[in-house]
Structure formats: structure tokens, C-alpha cells
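The values are calculated or read from the model by the stated rules, or taken from the named source; none is laboratory data. Computed from a prediction, not measured in an experiment: that's the story for all the values here. Neighbour counts run over all protein chains shown; Cβ positions are idealised from the backbone, glycine included.
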Amino acid sequence: MAGRKKLIILLLVLCAGAALGFRFYGQEEEADSDALLIYGNVDIREVQLAFYATGRIEKLLVDEGDTVEKGQLVAELDPSRYRHEVARLKGEAAAQRQLLERLEAGSRPQEKKEARAAVKAAEARLTLARITLKRMQELSKTKFVPRQKLDEAQSSFRATEAELESAREKLSLVLEGPRREDIKRARQQLAALEAALALVREQLQDTRLYSPSAGIIQNRILEPGAMAFPSKPVFSLALTEPLWIRAYIPEPELGKVEKGMKVEVTTDSFPGKKYRGWVGFISPVAEFTPKAVQTTELRTRLVYRARCFVCNSNGELRLGMPVTVKVLTDEPLVEAAEGFCR
């Protein structure tokens, strides 16, 4: 009899505990049901890395799965063609620069002295030719010299006059210096050569491929020895900074979500682990629920795409991974993203 009473008391205690447990679980379920949950995936964002220059690939410094930093060198082309072109244009630009300096400096003192001496020599010859012509004219009156000698003296005098005029023109040109048009042309030719040299130097720099952002090498498309072109990617880079969650807010819940609200992200791959983040963007345009197969009810349900930034310091969240996002509507908004994930 006593044993039966103990059994009854034990059953009553167990029933009471079960009732309390169900009540607590129901309250917890009710509390969780009040939380705003949205669903999505870790956003996949890729960058196709390609050389801006054309050439044969000499080195690939990373492989699939490698983590790279922003500005890290990942590949190189054979630079020999571009180096030779740089050397050639440097020589041409140096020669043109010397020509321009010579034109801008004008005539040298020795050239001016030589031109003045040529004028004086022409003047002396002209004086002699004038004296000879005058003597021949006087002698021709007495008919002691033939007419041919007089003609030769006249021709020599006119030729000497022309030589003097030419010497004076040369002196004027030497004193005046090069034409402004010639100097301007030489200056423009030098500018064109320097521009071509700058372009080839930039092309030489383009034989080195750098990562534009931090990320993970997803695909290694080309191999050393292959020809690279700007339209042909070498690597496919998956961006990891910042890590985005693409989630969707049902239209009736849109008024509860605001840009800057904190979120907690969970995934089936790491049960019980939460990742901090915040809502960074809410699309102003509605769209239908993005599912391949939709029921009649889902096809008429509108959602708004949201982008949530999430802290992923351990690299556990992978691109494309499905996640659940809990929006913490009661916490203060995130004012600045800097330092949030530290």
C-alpha cells in the first residue's frame, strides 16, 4: 500500500515537471516567434583578374584556394618587349631634347664670328671687283683691252655683289637664331616622344598583375606559357571583404527593418554559433520570392532584398552558404562600420 502511494506521488511529480517544461518551452517558442527572422545566402561576388597588357605569361604566384590581400602581386608577363621599347623611346626623347636645347640656345659665338668674317671677305672681294671693273671701263675707251675682258669684269662684279648679299643674309640668320616655328615644332615632337615613353612605361607596369581586393582565388584559368589578353581572365577572385549576406524581407515585415540595425547570423554548418552584423542596404524595389519552384501562395508574396554585412574573422562562413538572419530590432543602430567587427 505504501509502495503504491510512493508510485502515485512520483507520477504526480513527473506530470507537474512535464507541465512546467511544456509551459516554459511554449513561452520560449512564443518569445522566439516574436523575433524577426529572414533567410538568405552568403553573397557570391567575383572579380575576373586579367592583364591589361598583352604577352606570354611568365609566372603565376598563387593557386586555387589561396587567400590574397589587396595589392598583392599574383602573376607576371614576359616584360622583355616592353623594356626594349622603353629603351628605344628613351634614346629618341634624349636626342630630341638635345636638339630643342640647341635651337633654344641660338647661334654660338663662333658661328656669329664666322658669319661676320664671311661678310668682310665678300666686301673685300667686291671692292676689288669694283676697282677692276672701273679700270677695264677706262681702258676700253682707248681700245687697249678687248670687249670680252670688260664683260668678264662686269660679270665678276655682279657675282661678288651677290656673294656679299648672301653673306649678309647668313649673318642676319645667325644673329637672329632659329625660327620660332622650328623651336615650337621641336618642342611638340619632344612632347610626343615623352608621351609615347610614358605609355610604354605604363604598359611595362601592366605586365604585373595585382589583386584589386582581398579575397580567395576561386579559379586558375590560365597557366604559365599561355598568351594573355585584356579580354582573357587569368584568375577568378571571390571577394571576402566585406562579407555580405543577401537576404529577403517579407513585405508585411518591411516596416520593422531599418538600415543600420544589428543582426545575428546563424548557419546549419556551425549549430549554436552566432555571427554579428548589421543591415547595410534595403532595396527600394519589391520582387517575388526568389525560388525555383513556387506554390501559388509564394508566387504572390512580395519581398525586399536586403544586404547585411557580417563579421567573419575566422573565415567560417563560405560563399553561397544558406543562413538565417535574426534582426535585433530593439538594439541601437550601427552608426559606423569601422571597428564594429573588432
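A few points about this structure:
- For the stretch 300-317, filtered to residues that are surrounded by 14 or more Cβ atoms within 10 Å (Cβ to Cβ) and within 13 Å of Arg276 (Cα to Cα), the residue that is modelled with the lowest pLDDT is Asn312.
- Subset of the stretch 205-239 [hydrophobic (A, V, I, L, M, F, W, C), under 26 Å from Tyr82 (Cα atoms) and surrounded by fewer than 17 Cβ atoms within 10 Å (Cβ to Cβ)]: Ile221, Ala226, Met227, Phe229
- Matching entry among Lys134, Lys113 (being at pLDDT 75 or above and surrounded by fewer than 13 Cβ atoms within 10 Å (Cβ to Cβ)): Lys134
- Some residue of the stretch 202-225 being without any contact (Cβ under 8 Å) to a residue 40 or more places away in the chain, out of contact with any helix residue (DSSP H, G or I) (no Cβ under 7 Å at 6 or more places or on another chain) and not in a loop (DSSP other than H, G, I, E, B): yes
- Selection status of Gln154, part of a helix (DSSP H, G or I), assigned by TED's automatic domain parsing to the domain that holds Glu123 and modelled with pLDDT of 85 or more: no
- Single unsatisfied condition, Arg81 versus (1) touching a Gly at 6+ places or on another chain (Cβ under 8 Å); (2) modelled with pLDDT of 95 or more: (2)
- Residue count, the stretch 318-328 (criterion: modelled with pLDDT of 85 or more and not in a strand (DSSP E or B)): 1
- Condition met for Ile245 (in a strand (DSSP E or B), assigned by TED's automatic domain parsing to the domain that holds Glu64, among the hydrophobic types (A, V, I, L, M, F, W, C) and touching an Asp or Glu at 6+ places or on another chain (Cβ under 9 Å)): no
Yes/no matrix, rows are residues, columns are (1) in contact with a Leu (Cβ under 9 Å, 6 or more places away or on another chain); (2) more than 30 Å from Arg88 (Cβ to Cβ):
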position: Glu181; (1), (2): no, no
position: Ala191; (1), (2): no, no
position: Leu222; (1), (2): yes, no
position: Ala226; (1), (2): no, no
position: Val234; (1), (2): yes, no
position: Lys262; (1), (2): yes, yes
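- Subset of the stretch 226-241 (residues that are in a loop (DSSP other than H, G, I, E, B) and at pLDDT 90 or above): Ala226, Phe229, Pro230, Ser231, Lys232, Pro233, Val234
- Qualifying residue in the stretch 258-266 (condition: at pLDDT 90 or above, closer than 14 Å to Asp43 by Cα and either assigned by TED's automatic domain parsing to the domain that holds Ile38 or polar (S, T, N, Q) (or both)): yes
- Any hit, the stretch 43-60, residues being in contact (Cβ under 8 Å) with a residue 60 or more places away in the chain, over 29 Å from Val200 (Cα atoms) and out of contact with any strand residue (DSSP E or B) (no Cβ under 6 Å at 6 or more places or on another chain): yes
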